[in-house]
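What follows is a set of notes on a single structure, which appears directly below.
Since every read-out is calculated from the coordinates, none of them should be taken as a lab result. Since we're looking at a predicted model, the values are computed, not measured. Neighbour counts run over all protein chains shown; Cβ positions are idealised from the backbone, glycine included.
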Amino acid sequence: MNESPEIQKNGPDVEGGSGNASENTSHESDGSRLNGRDEVVAALETVIDPELNLDIWNLGLIYGVSVDESKVTVDMTMTSPMCPYGAQLLADTKASVESLDWVSDVTVDLVWDPPWSMDMMSEDLKFMLGRS
């Protein structure tokens, strides 16, 4: 049984954009060893916030990722409680992780604490926007 501790991207105890994991979950597929965490992150980086045209991972909207075998839980937030694209972002986030062939179950939990701020963006994105 492959288990991984919760992987936090951003949040009150983690610097924005740095990622935090002491152990990664790997999955066997056709004899090759794949890193489950990296695959989930890559999938999340394909989800674009339509209002900002930036991906949700580097925006810091992902507060946590938990991988347990083929089950993935994603804790995410929105830039605002009034986000007009909230339902679309939740659906796109779930679909992006479900697209991974080893994933059998995805739960996306919407969280509001702590509230999102620009400080939660990745360092690369802050630099690109002239905020670092």
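Across the options 104, 86, 70, the greatest Cα extent toward the positive end of the charge dipole of segment 26-128 (unit charges at beta carbon of Lys, Arg, Asp, Glu) belongs to 86. Enumerate the residues in segment 57-86 having an amide nitrogen under 15 Å from the point lying 7 Å beyond the Cα of residue 107 toward its Cβ. Correct set: 64-76.
Stretching residue 131 away from residue 87 to a fully extended chain increases their span by 13.0 nm, per 0.36 nm per residue minus the current alpha-carbon distance. Here segment 26-128 is assigned +1 on the Cβ of each Lys and Arg and -1 on the Cβ of each Asp and Glu. Its dipole about the Cα centre then comes out at about 160 debye.
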